[in-house]
């Protein structure tokens, strides 16, 4: 008995039952409307203006329409819940694509290592790539061979970071 109560008190189970109820009501009312309110043949064509005004046909139309609206709401609610559960995936997709050092920073912040040895391998690889790129850029700056595309990329990255910070 306590298992049944715990299952019925679960919000997800209630939500699923509610959606199944709306789907069933929508399905049954749509088929009953066609069967009772819109008979086939010439006789059904002549009778349909009178039958559509009857209370049971109006009720079936109401259930069909509002059942569809509630099914739509079930999908929206399910989608919103999934987005809230997998929001970390959206954060990864929203970040600027050229910002390689943000991955390393994010990995370091998420794992909060006590020393460099406990840092995940992927973050360490990203940090190594960033260090190599910075060394190459410094060498080019010393030689006076700074390319315009590099400065444009930096500006684009900074703009994307500012937009991301403003949106969050």
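The values are calculated or read from the model by the stated rules, or taken from the named source; none is laboratory data. From a predicted model like this one, the values you see are computed outputs, not experimental measurements. Cβ sites come from the backbone with ideal geometry, for glycine too, and all protein chains shown count toward neighbours.
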Within segment 82-97, tally of residues that are touching a helix residue (DSSP H, G or I) at 6+ places or on another chain (Cβ under 9 Å) and at pLDDT 75 or above: 1
Unique residue being exposed (fewer than 14 other Cβ atoms within 10 Å of the Cβ) and at pLDDT 60 or above when the list is 78, 51, 60: 78
Residue under evaluation residue 15, criteria (1) surrounded by 14 or more Cβ atoms within 10 Å (Cβ to Cβ); (2) more than 22 Å from residue 77 (Cα to Cα), criterion not met: (2)
